[in-house]
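Once you've had a glance at the structure underneath, I'll fire off some questions.
Quick note: the coordinates plus some simple rules give every number you see, no bench work behind them. Everything numeric in this text was worked out from a predicted model, so none of it was measured. Cβ: placed from backbone, ideal geometry, glycine included. Neighbour counts: every protein chain shown.
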Amino acid sequence: MPSILPLPETPRLETERLVLRPLAIKDAPAIQQHFAHWEMVRHLVARVPWPYPADGAETNVRECLAKRARGEQFYWAITLKGGGDKLIGRIDLRPDAGVGAMRGFWLAQEYWGRGLMTEAADAVNAYAFEVLDWPYIEVSTNAANLASQRIKEKQGFTPIGLATDSYVEGIRSKAYWRLTQAGWRARQLHVDR
Ligand SMILES: CC(C)(COP(=O)(O)OP(=O)(O)OC[C@H]1O[C@@H](n2cnc3c(N)ncnc32)[C@H](O)[C@@H]1OP(=O)(O)O)[C@@H](O)C(=O)NCCC(=O)NCCS
């Protein structure tokens, strides 16, 4: 992937049910409320602090906004249309740094199982391929995280390797996945028919 930093401003993206808008410091209390739960963090990489500190969300949002200001990464707050602009989850995107972590996401637990993260991630993939013209997206998952892997399968990602890594819940297998722009375009043609 060619050198593409600094990234453009984080755009507002709309889907059928969601608005994805740039993350802001005002989102820290909602993140603290939705994110600081075992079922949320257990499958995430071990650099996520657990037990989650009282200022964990604010510290994290400040770090994200500093990276955003340097043009290194996109951070979207996921909000529901008609939901008063309140954050219910997050999705991030960054260029390839060789670690298989170009996209990451989480959603407040009360909204799981409605296809919302697939919808958000579809919009972010479309932005990466159609607007940024990235040749591929590579991601990795704790292999025990079946919901996250199912989203990748539904989006046409292909498994490309396995390793082990340290997660909040312990040492686990780590699965690497890749979706090429060509593969994504082929699926769009199929879906549009
Ligand atoms: C992963 C996560 C974002 C999924 O969000 P979501 O909005 O519920 O996801 P979707 O509804 O779009 O899709 C989830 C898919 O996984 C499936 N799924 C959920 N739990 C599953 C399980 N235990 N085993 C197999 N499939 C499962 C769902 O049925 C759905 O597939 P389907 O559409 O074919 O039925 C959410 O669970 C989350 O925030 N988890 C905590 C943070 C996290 O793990 N982030 C990812 C790090 S890689």
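Step by step: find N for region 44-193, compute 2.2 N^0.38 Å, then divide the Cα radius of gyration by it. What's the final number?
The reported ratio for this selection is 1.06.
Along the charge dipole of region 13-192, pointing to its positive end and built from +1/-1 on Cβ of Lys, Arg, Asp and Glu, which listed residue (MET40, GLY170, ALA77) has its Cα farthest out?
Farthest along the dipole direction, towards plus: GLY170.
Near LYS174, which lysines are there with a Cα under 21 Å away, not counting those fewer than 8 places off in the same chain?
By straight Cα distance, LYS174 reaches LYS152, LYS154.
A further question on this structure: Can you tell me the length gained on complete extension of the stretch ASP85 to HIS37, counting 0.36 nm per residue apart and subtracting the Cα distance?
15.0 nm
Between region 103-151 and region 167-190, what is the C-alpha centre distance in whole Å?
9 Å
Run the paramagnetic zone check for ALA69: 7 angstrom along Cα to Cβ, then residues of region 75-100 with backbone nitrogen under 16 Å.
Zone members listed by number: 75.
Under a point-charge model restricted to the Cβ atoms of Lys and Arg (+1) and Asp and Glu (-1), what is the dipole moment magnitude of the chain relative to its Cα centre, in debye to the nearest 20?
That gives a dipole near 180 debye.
If I take every Cα pair under 8 Å that is 6 or more residues apart in the chain, average their sequence separation and divide by the length, what percent do I get for the relative contact order?
22 percent
Which of the peptides 142-154, 86-98 is most tightly packed, and how do the rest follow, judged by the mean count of other Cβ atoms within 10 Å per residue? Kindly include the intermediate steps, with their values, before the conclusion.
Details: 142-154: 16.5, 86-98: 18.5.
Packing order, densest peptide first, comes out as 86-98, 142-154.
Ok, one more. Label HIS190 and ARG114 with points 7 Å out from Cα along Cα→Cβ: what is the distance between them in nm?
About 2.8 nm, to one decimal.
Based on DSSP H runs of at least 4 residues, each adding -39500 (n - 2.57), what is the mean residue ellipticity at 222 nm of the chain after dividing by all its residues, to the nearest 500 deg cm²/dmol?
Result for the chain: -8500 deg cm²/dmol, rounded to the nearest 500.
Using the 10 angstrom Cβ neighbour count as an exposure proxy, how do ILE137, ILE31 rank, fewest first?
ILE31, ILE137
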